[in-house]
Amino acid sequence: MDLTIEPSAAAACEKAARIIADLAARAPASVLALPTGRTPLAVYDTLARWQRDGVVDLRRLRSFNLDELVGLPPDDPRSYAAYMVRHWQEPLGVPAAHVHLPQVMASDLGAASAAYEDRIAMAGGLDLALLGIGENGHVAFNEPGTPWNMGTHVCNLADSTRQILRPAFGSLDLVPRQAVTMGMRTILSARHCVLLATGAAKAAIVARALEGPPTEAVPASALRSHPRVTVILDRAAASALETVADEPRRGSAP
Ligand code: GLP
């Protein structure tokens, strides 16, 4: 596991953007698993700036989102499909046909989940998964206790997750109770996993994920078994690590 601790959230996100840009330069049609949420916004903004400046050309990249909320049509601004239009497709000029999300309006979500797995396989699998981490340790929407051998599936959102989502929906009863998420097996099948976490609110869970016992109670701890995982933190998110030095650290963690 390569652990990088950057002095700021901006520097951490730029490091993640650089990894994606370098992959796109080597293999322009690479297949990515992409997250939504707050953390990756600065990654996408940085890539968009580099695209506008002609530093990179990311338009051939193909992506599969880690998850989508059940019952939200793609034109709902709260959907992750709409998030990707705003923060990935339009700023980067990536064709809509290159951006894939689970079908969450289907009557048979189990079949939709299996179809998503098939589309990932037909694309040649995942070259790189950019991952965030929830404060309860979830990766995508694999909530604590989710078996690590699952593929894409329908999941129930934890109460704490729904509370975090509530501001976007106005009231808790309007927050979806389910999502379709890549499973940990899907995520761990990526040839390279990049875990990005910033901010003090993630410090405790990052320490549990990286230094506690690998356990399904902390889904992100599964990443430690991956043959090629890069963890990028800012100092705040690294502040509860036992092994962290005061200075920005780069290199392999113990
Ligand atoms: C969300 C998403 C995850 C994301 C995590 C952290 O629920 N399902 O993919 O990584 O929670 O989000 P944020 O970066 O906003 O803290």
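The values are calculated or read from the model by the stated rules, or taken from the named source; none is laboratory data. Quick caveat, the model's predicted, so the values are computed rather than measured. With ideal geometry, Cβ positions are generated from the backbone for all residues, glycine too; neighbour counts draw on all protein chains shown.
Filter the stretch 127-169 down to residues that are more than 10 Å from the ligand (Cβ to nearest atom), of a type in the set (D, E) and buried (at least 17 other Cβ atoms within 10 Å of the Cβ), then give me how many there are.
Counting residues in the stretch 127-169 that are more than 10 Å from the ligand (Cβ to nearest atom), of a type in the set (D, E) and buried (at least 17 other Cβ atoms within 10 Å of the Cβ) gives 1.
Are any residues in the stretch 88-126 surrounded by fewer than 20 Cβ atoms within 10 Å (Cβ to Cβ) and assigned to a loop (DSSP other than H, G, I, E, B), and if so, which ones?
The answer is G93, P95, Q103, M105, A106, S107, D108, A123, G124, G125.
If I ask for residues that are more than 22 Å from L188 (Cα to Cα), near the ligand (Cβ under 10 Å from one of its atoms) and either of a type in the set (G, A, S) or in a loop (DSSP other than H, G, I, E, B) (or both), which ones from the stretch 15-44 would you list?
The answer is R38, and nothing else.
Starting from the stretch 88-112, keep only residues that are touching a residue at least 24 places away in the same chain (Cβ under 8 Å), then list their pairs with residues that are assigned to a helix (DSSP H, G or I) and aliphatic (A, V, I, L, M) whose Cβ atoms are within a distance under 6 Å, requiring at least 6 positions of separation or different chains.
Note: pairs meeting the criteria are P91/A48; L92/A48; V99/M84; L101/A81; Q103/A112.
Could you list, ordered by first residue, the pairs with Cβ atoms under 8 Å in which the first is in the stretch 152-163 and farther than 20 Å from Y116 by Cα and the second is at pLDDT 95 or above and hydrophobic (A, V, I, L, M, F, W, C), at least 6 apart or interchain?
The qualifying pairs are T161/F141; R162/L172; R162/V175; Q163/L172.
Specify which of the listed residues (A237, A209, A217) is closer than 21 Å to A11 by Cα and touching a residue at least 40 places away in the same chain (Cβ under 8 Å).
A237
So if I check each of L223, L196, which one is within 22 Å of L23 (Cα to Cα), among the aliphatic types (A, V, I, L, M) and part of a helix (DSSP H, G or I)?
L223
Does R162 satisfy being assigned to a helix (DSSP H, G or I) and at pLDDT 95 or above?
It is true that R162 is assigned to a helix (DSSP H, G or I) and at pLDDT 95 or above.
Just to be sure I understand, how many residues within the stretch 55-75 are within 16 Å of the ligand (Cβ to nearest atom) and farther than 23 Å from I20 by Cβ? Please lay out each step first, then the result.
In the first step, residues of the stretch 55-75 are kept if they are within 16 Å of the ligand (Cβ to nearest atom); the result is 63-72.
Pick out the ones that are also farther than 23 Å from I20 by Cβ and you get 69-72.
Counting residues in the stretch 55-75 that are within 16 Å of the ligand (Cβ to nearest atom) and farther than 23 Å from I20 by Cβ gives 4.
If L47 meets every condition in (1) closer than 19 Å to N156 by Cβ; (2) part of a helix (DSSP H, G or I) apart from one, which number is that one?
Going through (1) closer than 19 Å to N156 by Cβ; (2) part of a helix (DSSP H, G or I) one by one, L47 breaks only (1).
Show the residue pairs meeting these rules: Cβ distance below 6 Å; 6+ apart or different chains; first residue within the stretch 31-45 and over 16 Å from V231 (Cα atoms); second residue within 9 Å of the ligand (Cβ to nearest atom) and assigned to a helix (DSSP H, G or I).
Qualifying pairs under 6 Å: T36/Y80.
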